[in-house]
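The values are calculated or read from the model by the stated rules, or taken from the named source; none is laboratory data. What you see is a predicted model; the values in this text were computed from it and never measured. Counting neighbours? That spans all protein chains shown, and the Cβs are built from the backbone with ideal geometry, glycine included. Surface accessibility is based on the protein's heavy atoms, side chains included, excluding ligands, DNA and RNA. Shrake-Rupley method; radii C 1.70, N 1.55, O 1.52, S 1.80 Å.
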Amino acid sequence: MTAIEPLFHAPLYEALMDLHRSIPISYHVPGHKYGQSLNKLQKLDTDAAQIFQAIMALDVTELSGTDDLHMPTSVIAAAQRLAAGTFGAEHTYFLVGGSTVGNLAMIMASCNPGDLIILQRNVHKSVLNGLMLAQARAVFLSPQTDPGTGLHAIPKLSNIEEALLRYPEAKAVFLTNPSYYGLSTDLEPYAKLVHSHDCLLLVDEAHGAHYGMHPSFPRSALQAGADAVVQSTHKTLSALTMGAMLHVQGIRIDRDALGEALSMVQSSSPSYPIMASLDIARAMIDTFGPSLFEEGIMAAESFRHWANESSGWIELPAYGLNMMGDPLRIVIKDRAGLLSGYDLQKMLEKRGCWPEMADSIHVILLFGMSMSLKDNEKLIQACIEIGKEVHRGTDFDMVIHRNYVNEAKIKGSMYDTVQSISEPVLFNRQRKQRDQVEMINITEAAGRIAAEAVIPYPPGIPILYSGERIHQNVALYMKELALMGAKCQGISDPTLKTIMVIREA
């Protein structure tokens, strides 16, 4: 008997391919006319023409057979229904603006102006923009700090319970799980607690689109009982960049309000290649099941084994606090402290290995579902070369760490300096007038009120919000970031030497 081939079914993608095979003549947008506009480019750059024409062949608009993302009734509706079934939701919305638009929509749909929402301090910047669009009040909770690594996770369950008791008017609790570093917590106890207070549990699961899809992975937020969950399907699955999904379940979330919010923050001309890639990403899971991730898991485990047993200088985190790590995401650092995370990132890039991100200590390596053992060979060879270049003759028992490799201690104490449960902060879009603010040196910033946010990117998690008092440890941490050349958003001075603060009377 011949083996039965698995069935691959992606209705939106298939509709676009049917249209392509019909050799259509375009009298509609987009202006590239299925890539014909690049024909003249063939004489100048054949590769550019061929690569982009292949993409443009499926880049269409809302036609009678391609459906409408903002009012889906046919192939997009079918693709979203299939996605909901795969990921365990009652309804799934396709997103073409990344998890960013999902975070915006969840908050806008859950809060009217002046409503209060409880959230962890180390949220993505898109969540803050959602608070501003909703003109909501926010109560920030300090995250837990893993004692072994200095990395941060969601707040303690007891802190959330205390905040819910202190602010019974709260409409929702917003959590980010897993973190950019792959640190996650089982959310079921959080969902039960939040629901017992008649609140919504909203989850930014941008980095966990693969969760729940393999026995080695942690449970997903939907499986734990969250009401609405955003996943960046492009981060750990196969979708194109900006492709994401918003999953909902239960009766607590207002789906009409969610749809209205999405129509405001999503483009009225959504990308069909992005939507088709979402359909394909889901279809691959349905077709191949857990085996889809086996190659990536094996590659990641192989590198972990080599790093622990043979590298000599690479240190992998040992998580505490009952935290779980992502099998497809590896966090590494120089055990001797001779290389910052930024240094190590540059040295890996020089050798053709491009990490996901770095901070002052760590480098994050995202293996994904299709990383192979052959790919690993190049990474291991790069690490061997770096070890020989930097650590030749290093006595690891005697080495003195650089001062800035105390980031874990700095960040931990930074959160210790602020209230574990903040007072409510009102977010609005009102701009501060020029005579209300002034620019000062970062060395003089401690104790002043920030007039701008400081957001290291990646990962896009603010270390300071506009309107917050700048604590001494935060100012020191910003100075360390400046010395290491970290890139920050939100702040007007990218060198981090100065910061805008509220002018004192």
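Looking across the range 467-490, the residues that are under 23 Å from residue 206 (Cβ atoms) and assigned to a loop (DSSP other than H, G, I, E, B) come down to 486, 487, 490. If I filter the range 77-92 for residues that are out of contact with any Lys or Arg (no Cβ under 9 Å at 6 or more places or on another chain), among the basic types (Lys, Arg), at pLDDT below 95 and open to solvent by 30 Å² or more (accessible area, probe 1.4 Å), do I get at least one hit? There is no residue in the range 77-92 that is out of contact with any Lys or Arg (no Cβ under 9 Å at 6 or more places or on another chain), among the basic types (Lys, Arg), at pLDDT below 95 and open to solvent by 30 Å² or more (accessible area, probe 1.4 Å). Pairing residues of the range 366-378 that are within 20 Å of residue 207 (Cα to Cα) with residues that are basic (Lys, Arg) and surrounded by 12 or more Cβ atoms within 10 Å (Cβ to Cβ), at Cβ distances under 6 Å and at least 6 apart in sequence or on separate chains, gives 366/329. Checking 257, 283 one by one, the residue that is modelled with pLDDT of 95 or more, touching a helix residue (DSSP H, G or I) at 6+ places or on another chain (Cβ under 9 Å), part of a helix (DSSP H, G or I) and open to solvent by 10 Å² or more (accessible area, probe 1.4 Å) is 257 and no other. Going through (1) under 19 Å from the mean Cα position of the chain (by Cα); (2) on the phi > 0 side of the Ramachandran plot; (3) open to solvent by less than 20 Å² (accessible area, probe 1.4 Å); (4) not polar (S, T, N, Q) one by one, residue 150 falls short only on (1).
Exactly one residue out of 466, 492, 420 is over 28 Å from residue 313 (Cβ atoms), open to solvent by 60 Å² or more (accessible area, probe 1.4 Å), in contact with a strand residue (DSSP E or B) (Cβ under 7 Å, 6 or more places away or on another chain) and at pLDDT 80 or above: that is 492.
The residues of the range 329-381 that are of a type in the set (Phe, Trp, Tyr) and at pLDDT below 95, listed by number, are 342, 367.
Here is the figure for the range 101-124: residues that are out of contact with any Phe, Trp or Tyr (no Cβ under 9 Å at 6 or more places or on another chain), surrounded by 23 or more Cβ atoms within 10 Å (Cβ to Cβ) and part of a helix (DSSP H, G or I) total 3.
Quick one: residue 67 ticks every box in (1) part of a helix (DSSP H, G or I); (2) open to solvent by less than 20 Å² (accessible area, probe 1.4 Å); (3) at pLDDT 90 or above except a single one, so which number is it? Going through (1) part of a helix (DSSP H, G or I); (2) open to solvent by less than 20 Å² (accessible area, probe 1.4 Å); (3) at pLDDT 90 or above one by one, residue 67 breaks only (1). Only one residue in 20, 28 is at pLDDT 90 or above and surrounded by 13 or more Cβ atoms within 10 Å (Cβ to Cβ), so which one is that? After ruling out the rest, the residue left standing is 20. With respect to being open to solvent by less than 70 Å² (accessible area, probe 1.4 Å), in a loop (DSSP other than H, G, I, E, B), out of contact with any Lys or Arg (no Cβ under 7 Å at 6 or more places or on another chain) and at pLDDT 90 or above, residue 61 fits the description. With respect to (1) open to solvent by 10 Å² or more (accessible area, probe 1.4 Å); (2) among the aromatic types (Phe, Trp, Tyr); (3) assigned to a loop (DSSP other than H, G, I, E, B), the lone exception for residue 211 is condition (1). Filtered by the rule that a residue be over 11 Å from residue 181 (Cα atoms) and open to solvent by 50 Å² or more (accessible area, probe 1.4 Å), the range 352-370 gives 354, 370. Filtered by the rule that a residue be closer than 18 Å to residue 462 by Cα, in contact with a Gly (Cβ under 9 Å, 6 or more places away or on another chain), polar (S, T, N, Q) and open to solvent by 10 Å² or more (accessible area, probe 1.4 Å), the range 125-147 gives a lone residue, 145.
The set of residues in the range 31-58 being touching a Leu at 6+ places or on another chain (Cβ under 7 Å), part of a helix (DSSP H, G or I) and open to solvent by less than 80 Å² (accessible area, probe 1.4 Å) consists of 48, 49, 53. When the residues of the range 290-308 are filtered to those that are closer than 17 Å to residue 386 by Cβ and open to solvent by 30 Å² or more (accessible area, probe 1.4 Å), the one that is modelled with the highest pLDDT is 306. Taken together, 201, 222 contain a single residue that is in contact with a strand residue (DSSP E or B) (Cβ under 7 Å, 6 or more places away or on another chain), surrounded by 24 or more Cβ atoms within 10 Å (Cβ to Cβ) and either assigned to a strand (DSSP E or B) or modelled with pLDDT under 95 (or both), which is 201.
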